[in-house]
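Worksheet: the structure to be examined is printed underneath.
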Amino acid sequence: MERRTIGAAALEVGAIGLGCMPMSWAYSASRQRGEESLRTVHAALDRGSNLLDTADMYGPFTNELLIGRVLRDRREEAFLSTKCGLLVGDGHIVANGRPGYVKRACDASLRRLQTDVIDLYQLHRADPEVPVEETWGAMAELVSAGKVRSLGLSAVGARASRRSGRRLHEGTIRQLERVQQVFPVSSVQAELSVWSREALDELLPWCGARGVGFLAAMPLGNGFLTGTLTPGEGFERDDVRARHPRFTAEMMAANQPIVAGLRRVARRHGPGVTPAQVALAWTLACGPHVVPVPGTKHERWVVENAGAAGLALTAQDLTEIAALPPAQGSWD
């Protein structure tokens, strides 16, 4: 698989990563089988999708424990990315950016992941009660201590910017510029897909100009861009899409022209090419510093996603995709 670099340290990863969250959080997690998830992670590593993206809050904690079972035997093959800064309570999630907590969280993640170093440690969300420089400074100390190799920021504040009418990633960029003064940012993780392209306006260029890697979260639109979801079919109660405004039957039907466009491009590339692969190839074409991190719990989708790394879209393909209608429905 093609390799891409993350940050000034030029850390190499496979062009397609693996988002591990669905194995134990957000997508009917209660019904997941650990052995199937283990096979999925192994399949990703076998195909060069070595960036494994997890977080302590997924589960909580069970996702890191799962990945630790793989790393026990294949640590040298993996690029390990995990996150801190969010606590899961009874029906709510709160941020905690206190330096002492961040250091304890890192030590706990290292134990669960059965490793002595994290390749990329990301701040999941800035704590509004703690100056982000203080949180980032504590994370930088983890690098100095040899527990972490590089630092990243998850751009999760975009929704508030959209609701208030300001530029979508304005707050995120301000945060990035502040923490950059404390310790270099190696990566930013934010949503980017054919149906969510806001990062193209400011955030992606900001990263490209500074040698910062961009981890494209939800590059398959929470599964919608795969073309395998049927409007009106419904989701299980513990699946986040059951409550998501863009996954109502009405909105899924309204957004079918986007999937139809991806299918047209896929057909031009021959049998076996899927809309999901076209969507991932489009994300890769957004810049050499972009690494899509599609989430899945199934081995078959890991194999399909990895195949997108070898799909080269033509100028005609990119023009057609750019002309697809914007997604209908709110994220709020």
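The values are calculated or read from the model by the stated rules, or taken from the named source; none is laboratory data. Not measured: the values here are computed from a predicted model. Please note: Cβ atoms are built from the backbone with ideal geometry, for glycine as well, and neighbour counts cover all protein chains shown. Side chains included, ligands, DNA and RNA excluded: accessible areas come from the protein's heavy atoms. Shrake-Rupley method; radii C 1.70, N 1.55, O 1.52, S 1.80 Å.
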Spatially proximal lysines relative to K147 (Cα-Cα < 23 Å; intrachain offsets below 8 disregarded): K83, K103
Extension gain from A209 to A260, taking 0.36 nm per residue of separation minus the Cα-Cα distance: 15.0 nm
The range 159-268: GluC sites (Glu not before Pro) falling in loop per DSSP and having at most 10 other Cβ within 10 Å: E233
Which of W301, G152, H42, positive extreme of dipole for the chain (C-beta unit charges): W301
Whole-angstrom gap from the range 80-113 to the range 283-332, using each part's C-alpha centre: 30
Residues with amide H under 5 Å from that of L51, placed H, sequence gap 5 or more: G14, L18, F79
Positive-end residue of A95, A281, A78, charge dipole of the chain with Cβ unit charges: A281
The range 209-332, accessible area per residue, ligands and nucleic acids excluded (1.4 Å, Å²): 44
Antiparallel DSSP beta bridges within the chain, percent to nearest 5: 25
Helical mean residue ellipticity (222 nm; -39500 (n - 2.57) per DSSP H run of 4+; nearest 500) of the chain: -11000 deg cm²/dmol
Carbon and sulfur %, accessible surface of the chain computed with the full protein complex present, 1.4 Å: 51
DSSP loop trypsin sites (Lys or Arg not before Pro) with at most 10 other Cβ within 10 Å excluded, longest remaining stretch of the chain: 34-236
